[in-house]
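The values are calculated or read from the model by the stated rules, or taken from the named source; none is laboratory data. Keep in mind that this is a model prediction, so the values were computed, not measured. Quick reminder, even Gly has a Cβ in these numbers, built from the backbone with ideal geometry, and neighbours come from all protein chains shown. Ligands, DNA and RNA are excluded from the accessible area calculation, which covers all protein heavy atoms including side chains. Shrake-Rupley method; radii C 1.70, N 1.55, O 1.52, S 1.80 Å.
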Amino acid sequence: MDGLDTNKINEIIRNASEGSRFYLHKEKRQQELDVKLAQMKEAAGSYTEDQIKRATQQMDEMVLELESERDLRRTVVHVDMDMFYAAVEMRDDPSLRNKPMAVGGPGMLSTSNYAARRYGVRAAMPGFIGKKLCPELVIVPPHFDKYRAVSRQVQEVFAEYDPNFSAMSLDEAYLDITDYLHNSIQALQHESEDLDMGSMASAVVAEMREKIYTKTQLTASAGIAPNTRLAKVCSDMNKPNGQFYLPPDLERIQSFIATLPIRKVSGIGNVTEQHLNALGITQCSHLMEKRGLLKLLFSDTSIHTFMSVALGLGHTSLSAWTEKERKSISTETTFKGTSDRLTLFKLTEDLCQELADEMEQKGIVGKVFTLKIKTTDFQVRSRAQTLGEVTHDPEILATTAHRLLLHEMNTSDGPLSLRLLGVRMSSLMNAADMGPNRQATLRQMFSKVAQSRVSLSDAVTGNENLHHSKEQSRCMVSTEELPAYLHGSDEPSVGSVQPESSEKTKYKSLGKSRSKNHVKMKNLLIDQFLSKVSENYGAREMEQYECSVCGKLVKVKNLTEFNNHLDFCLENSASCDSDLDTSITDVKKAKSQNAHSDDYNIKWKPVNKHTEYQNIQSHKDTNTHRIPTESVTNVRSTSSECSSSSQGYLCPVCDQRNFSDYDLLNKHVDECLNKSAFSQMQREMDVQFRRSEKGINEMLQKSLNAEPVDISQPSSSIKRKGSSRSKKTEKVKKVCNTLDRYLS
């Protein structure tokens with residue numbers, strides 16, 4: 001792109017975007033930046049020479065420390081595919097090779113070919129502006145599945161030279177070929193004695209690029225240097241389809257860095273460039289010259305980066321980009337501004353799935369999830385949440401993202417309109433380091449055990465199920481003749497029966513039987529789990545309690561049996577004058593004596609929370625219920641009542657006997673108890689209200705026309721509270737078994 005008329009290009013971009021939200025946002029940001037730059041210039045002019053000299057001395061100490069860490073023993077290669085997305089589209093569609101084209105959409109371009117770059121069309125540019133710069137521009141929608149497949153082919157070539165290469169994206173990677181070079185030199189030492197590391201490195205990289213072209217029909221550019229920062233710069237020197245080698249020589253490195261524009265260095269963008277240009281720094285050598293001023297104006301992190309650039313230092317080990325040392329992993333997408341919730345949720349799910357797939361491929365998990373959003377007003381926000389455990393499960397990521405996004409939507413003043421969404425996971429660790437002792441949820445525990453048992457059951461009865469599936473499939477409807485029926489829309493016709501079904505139908509039948517077995521085994525596991533709990537609870541030692549009704553010490557296994565005894569004693573004392581010596585053991589004995597009968601099974605079921613347990617016989621054949629007339633005596637009824645039990649169940653409250661169904665009896669008893677209790681409460685409230693009203697009237701009458709009364713002297717006219725209530729005037733309660741009688 002050297003030699004382009006940048007003024008003309010910038011004018012076209014300004015005219016095309018002027019008045020838009022993007023333009024207004026950039027203009028506002030630039031105004032804020034201009035204010036900061038003016039303040040920085042003013043601060044730089046206020047420092048004295050002594051202050052700058054002391055700061056320069058401090059920087060010299062940092063330079064010596066950084067220089068001591070220089071390592072020139074490694075050979076690092078940075079490979080960058082040429083216009084990768086556009087090159088793949090041009091390879092698959094030869095008609096695009098001689099046309100200016102770009103990959104992306106009207107909203108944003110991902111990349112452009114070199115023919116379009118001559119017009120100023122570049123990546124991260126809106127497509128409509130690209131059309132303004134180049135009216136003949138052809139915009140092709142992206143196909144990321146195809147790009148990933150080609151990227152895997154390229155990475156297979158990388159692995160031949162460095163199995164531990166570090167892929168930075170689909171189209172670029174760092175390789176450390178030091179070990180490969182040493183092995184190659186030792187193997188070829190006997191053939192030629194003039195081999196050196198530099199020529200060997202250039203030959204190896206050229207061979208690598210040739211293999212990439214042979215395998216993918218795509219070109220690549222490469223940079224060879226002692227560290228990652230220099231290799232990145234070198235890969236851009238001979239683009240496209242070229243390579244540049246910077247030998248591990250200190251003087252060569254210093255001379256290469258001295259004349260290098262600061263914008264060529266990775267990590268120095270537009271804003272940083274403006275800050276440095278305001279101080280007169282345009283080349284990397286200027287960083288060293290004004291290191292004292294930089295010390296006074298920038299943070300420690302920034303000046304450390306500036307000095308590393310000035311010295312030509314960088315990472316010599318790729319471990320900084322390995323998954324163990326990696327701090328975070330993220331993905332994001334830009335789209336046309338929208339406030340539709342379903343669209344935003346769908347985009348979020350896709351991003352979470354993409355992030356989860358990448359994490360699973362790299363074998364890493366994370367614990368801190370971050371959602372990044374950019375509004376149509378270009379306001380960037382990020383919301384983070386720490387998960388319960390490290391994971392790369394796409395469902396967990398999507399659920400967390402939905403919750404964070406929904407919170408932003410609900411707290412927004414108006415409809416939240418977004419143009420960018422991104423997801424990131426941090427606090428990373430290797431999935432292998434998680435260990436097998438992670439705590440499983442109940443659902444996971446039951447599902448895993450059920451699945452294993454279903455698999456075992458299928459293995460035992462597999463042949464039988466398969467045979468049954470085959471026999472059943474012969475009578476099924478053909479999927480080819482009746483596709484609508486298979487979707488549940490129409491009924492099958494008689495003439496469509498086939499002698500044999502398709503393989504898909506067979507597997508459907510077998511899958512249904514396996515699904516039923518899975519559900520049965522899952523329910524069986526839960527029942528077994530609950531039964532074990534019940535057995536353990538019933539296996540407790542006998543406990544001894546004193547009955548407050550009969551005064552006896554009762555030995556029971558649990559409080560439920562003791563409550564049964566209390567109900568029994570209370571019922572006998574309330575309904576009849578039967579012998580109180582009857583205990584819960586007698587009832588159990590009567591129950592056990594009739595348990596061997598083939599026609600009847602005795603079931604004990606509580607009528608109500610505060611009533612006794614009724615015994616019901618159920619006939620095995622008819623499944624009907626009736627009160628037993630023999631063997632078992634009803635705890636609630638007397639002997640005379642038992643003889644007439646065939647007429648219906650007896651209500652213990654109102655003494656009605658017209659309930660043939662036990663559920664109806666329970667419901668009626670609850671209504672009677674509630675009605676009696678509320679009626680009694682209402683009568684008591686009415687009495688208290690009348691008493692209070694009468695007392696208030698008497699007090700008012702006395703205060704108006706009665707003489708003062710000396711309350712210190714006793715008087716017959718002054719009565720105690722409640723003495724005016726005559727026992728004769730009290731209403732006689734109807735005899736019925738209400739709650740107060742049970743608890744009195």
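Here are the numbers for this structure:
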{"read-out": "Scope the stretch 353-394; condition among the small types (Gly, Ala, Ser) and surrounded by fewer than 16 Cβ atoms within 10 Å (Cβ to Cβ); matching residues", "value": "363, 382, 384, 388"}
{"read-out": "The lone exception for residue 212 - which of (1) surrounded by fewer than 20 Cβ atoms within 10 Å (Cβ to Cβ); (2) assigned to a helix (DSSP H, G or I) it fails", "value": "(1)"}
{"read-out": "Subset of the stretch 303-328 (residues that are open to solvent by less than 40 Å² (accessible area, probe 1.4 Å) and modelled with pLDDT of 90 or more)", "value": "303, 306, 307, 308, 309, 310, 311, 312, 313, 314"}
{"read-out": "Residue 27 being at pLDDT below 90, part of a helix (DSSP H, G or I) and open to solvent by less than 100 Å² (accessible area, probe 1.4 Å)", "value": "yes"}
{"read-out": "Where a residue in the stretch 406-425 is exposed (fewer than 12 other Cβ atoms within 10 Å of the Cβ) and its partner, wherever it lies, is not in a strand (DSSP E or B), with Cβ under 6 Å and at least six apart", "value": "415/339"}
{"read-out": "Test: residue in the stretch 345-352 that is open to solvent by 70 Å² or more (accessible area, probe 1.4 Å) and of a type in the set (A, V, I, L, M)", "value": "no"}
{"read-out": "Single unsatisfied condition, residue 238 versus (1) closer than 30 Å to residue 153 by Cα; (2) surrounded by fewer than 20 Cβ atoms within 10 Å (Cβ to Cβ); (3) touching a residue at least 60 places away in the same chain (Cβ under 8 Å)", "value": "(3)"}
{"read-out": "Any pair with Cβ under 7 angstrom, 6 or more apart, that starts in the stretch 301-320 at a residue that is in contact (Cβ under 8 Å) with a residue 40 or more places away in the chain and ends at one that is open to solvent by 60 Å² or more (accessible area, probe 1.4 Å) and of a type in the set (S, T, N, Q)", "value": "312/254; 318/164"}
{"read-out": "Residues satisfying the stated conditions in the stretch 135-154, i.e. surrounded by 12 or more Cβ atoms within 10 Å (Cβ to Cβ) and part of a loop (DSSP other than H, G, I, E, B)", "value": "137, 142, 143"}
{"read-out": "Residue 293 vs. criteria surrounded by fewer than 15 Cβ atoms within 10 Å (Cβ to Cβ), among the hydrophobic types (A, V, I, L, M, F, W, C) and assigned to a helix (DSSP H, G or I)", "value": "no"}
{"read-out": "Residues (hydrophobic (A, V, I, L, M, F, W, C) and closer than 22 Å to residue 47 by Cα) located in the stretch 283-314", "value": "287, 288, 293, 294, 296, 297, 298, 303, 306, 307"}
{"read-out": "Matching residues in the stretch 363-386 - criterion: being farther than 15 Å from residue 337 by Cα and either touching a Phe, Trp or Tyr at 6+ places or on another chain (Cβ under 6 Å) or outside any strand (DSSP E or B) (or both)", "value": "363, 385"}
{"read-out": "Pairs where the first residue, in the stretch 248-269, is in contact (Cβ under 8 Å) with a residue 60 or more places away in the chain and the second is part of a loop (DSSP other than H, G, I, E, B), C-beta under 6 Å, 6+ apart", "value": "248/72; 248/226"}
{"read-out": "Options 408, 395; residue that is assigned to a helix (DSSP H, G or I), over 19 Å from residue 340 (Cβ atoms) and not β-branched (Val, Ile, Thr)", "value": "395"}
{"read-out": "Where residue 73 falls short, out of the listed (1) open to solvent by 60 Å² or more (accessible area, probe 1.4 Å); (2) free of Cβ contacts under 8 Å to residues at least 40 places away in the same chain", "value": "(2)"}
{"read-out": "Residue check for residue 88: β-branched (Val, Ile, Thr), touching a residue at least 12 places away in the same chain (Cβ under 8 Å), surrounded by 13 or more Cβ atoms within 10 Å (Cβ to Cβ) and outside any helix (DSSP H, G or I)", "value": "no"}
{"read-out": "Number of the exception - residue 113 against (1) touching a strand residue (DSSP E or B) at 6+ places or on another chain (Cβ under 7 Å); (2) among the polar types (S, T, N, Q); (3) more than 30 Å from residue 210 (Cβ to Cβ)", "value": "(3)"}
